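Written out below as structure tokens is the structure these notes cover.
The values are calculated or read from the model by the stated rules, or taken from the named source; none is laboratory data. Model, not experiment: these values are computed from the prediction. Here the Cβ positions follow ideal geometry from the backbone for every residue, glycine too, while neighbour counts run over all protein chains shown.
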């Protein structure tokens, strides 16, 4: 993997755009942006399509690490390893998700991420905690959980200097609805997650401005036919975007398909919830302060609870298509277009159209990444002259 590879000026294949069915064509890149899109043979000769698909770079709004590197570590080398691991799998934009910790610790972690955010390695920070339910906390330190208060919310947002883009909280906690209002007024996405709330406790948070369901079903009171809880309430509200961890471990394919069909492409977002073990193999790791063991790619705490995933976005895309029955354009919307829109970045990334940054993934016939471009530069794969699909 190299950031020094020569940037291509022309790339050809079956292009997946927002306009419908993929089409054979080409993309001309100038100064890191998409300058022109055409159908059929490219100017100066037709590129060898060779079964390749071209899709926008993936956008992951929920990621804790990868490649052996943790985004909570405060170690710049580990942060860079995590970013590189996911870029190799097509993720060109990602948020760094932090888990529950003390306020001073969270402030330190946020400050350590400001440089990677400023450098464009990360698009911002997601605080998954500490304002979560102890009943549904999953892999979060129960000793550090607490209700939100205006002072703590302000302290964490100020530490981020605009880099904190999303905060997950449980709406049943004291002060949660007021915190949602505070976050919304600050331009921060308020997400509902790790909650044991009943429907009547969820609705006020949505009315206050919550717009995202953090990994729907996981870390939530289950859906019940007489009490819809957070799952039914959030899924049924057109204002809510739902995250799905599509590793087919956190969710059965049938459940993921039902959710994606109900919510539709405009409200469905695929996330990884990946931890440092992603692309690093089975073994013993930590998420925040909690030890866990990864066996056959599944991270679990000592009590057997899932603790994040080892998923990458290209696998999420394949699972949505091959195991959940979505069309490729629908899966691309979940992995790129919708999360970019959610972050307010659709004017820059998330789609393939002239003027946008050339964040692109070339997939082979099996939907596995062959090449990954970030701002027109090759960050994974080789675009050597022998590959006539790219020039």
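Regarding residue 201, is this residue modelled with pLDDT of 95 or more, assigned to a helix (DSSP H, G or I), within 27 Å of residue 345 (Cβ to Cβ) and assigned by TED's automatic domain parsing to the domain that holds residue 270? Working first, answer last.
Values: modelled with pLDDT of 95 or more: yes; assigned to a helix (DSSP H, G or I): yes; within 27 Å of residue 345 (Cβ to Cβ): no; assigned by TED's automatic domain parsing to the domain that holds residue 270: yes.
Spelling it out, it is not the case that residue 201 is modelled with pLDDT of 95 or more, assigned to a helix (DSSP H, G or I), within 27 Å of residue 345 (Cβ to Cβ) and assigned by TED's automatic domain parsing to the domain that holds residue 270.
Could you pull out the residue among 107, 31 that is surrounded by fewer than 18 Cβ atoms within 10 Å (Cβ to Cβ), farther than 23 Å from residue 338 by Cβ and not assigned by TED's automatic domain parsing to the domain that holds residue 281?
31
Taking the stated definitions as given, is residue 317 at pLDDT 95 or above and either in a loop (DSSP other than H, G, I, E, B) or buried (at least 24 other Cβ atoms within 10 Å of the Cβ) (or both)?
Values: at pLDDT 95 or above: yes; either in a loop (DSSP other than H, G, I, E, B) or buried (at least 24 other Cβ atoms within 10 Å of the Cβ) (or both): yes.
Against the criterion (at pLDDT 95 or above and either in a loop (DSSP other than H, G, I, E, B) or buried (at least 24 other Cβ atoms within 10 Å of the Cβ) (or both)), residue 317 qualifies.
Given the conditions (1) under 13 Å from the mean Cα position of the chain (by Cα); (2) assigned to a loop (DSSP other than H, G, I, E, B), and given that residue 135 satisfies all but one, which numbered condition is not satisfied?
That leaves (1) as the condition not met.
How many of the residues making up the stretch 51-99 are farther than 21 Å from residue 362 by Cβ, in contact (Cβ under 8 Å) with a residue 12 or more places away in the chain and assigned to a helix (DSSP H, G or I)?
Selection size over the stretch 51-99: 6.
Looking only at residues that are in a loop (DSSP other than H, G, I, E, B) and in contact with a strand residue (DSSP E or B) (Cβ under 7 Å, 6 or more places away or on another chain) in the stretch 165-190, which one is surrounded by the most Cβ atoms within 10 Å (Cβ to Cβ)? I'd like the intermediate steps shown before the answer.
If we filter the stretch 165-190 for residues that are in a loop (DSSP other than H, G, I, E, B), which is where we start, we get 170-175, 186-188.
Now narrow it down to the ones that are in contact with a strand residue (DSSP E or B) (Cβ under 7 Å, 6 or more places away or on another chain): 170-172, 188.
Values: 170: 30, 171: 25, 172: 22, 188: 24.
So, considering only residues that are in a loop (DSSP other than H, G, I, E, B) and in contact with a strand residue (DSSP E or B) (Cβ under 7 Å, 6 or more places away or on another chain), the one surrounded by the most Cβ atoms within 10 Å (Cβ to Cβ) is 170.
Among the residues of the stretch 251-267, how many are outside any helix (DSSP H, G or I) and in contact with a helix residue (DSSP H, G or I) (Cβ under 9 Å, 6 or more places away or on another chain)?
Looking only at that region, the number is 5.
Assess whether residue 122 counts as being at pLDDT 95 or above, under 24 Å from residue 348 (Cβ atoms) and in a loop (DSSP other than H, G, I, E, B).
yes
Can you tell which of 209, 193 is surrounded by 21 or more Cβ atoms within 10 Å (Cβ to Cβ) and under 23 Å from the mean Cα position of the chain (by Cα)? So that I can check it myself, show each step before the final result.
Values: 209 fails: surrounded by 21 or more Cβ atoms within 10 Å (Cβ to Cβ).
Testing whether each residue is surrounded by 21 or more Cβ atoms within 10 Å (Cβ to Cβ) and under 23 Å from the mean Cα position of the chain (by Cα) leaves just 193.
Could you grab me the full set of residues in the stretch 139-164 that are surrounded by fewer than 18 Cβ atoms within 10 Å (Cβ to Cβ), assigned to a loop (DSSP other than H, G, I, E, B) and at pLDDT 95 or above?
147, 149, 161, 162
Here are the criteria: (1) closer than 22 Å to residue 360 by Cα; (2) assigned to a loop (DSSP other than H, G, I, E, B); (3) out of contact with any helix residue (DSSP H, G or I) (no Cβ under 9 Å at 6 or more places or on another chain). Tell me which single one residue 303 does not satisfy.
Failed condition: (1).
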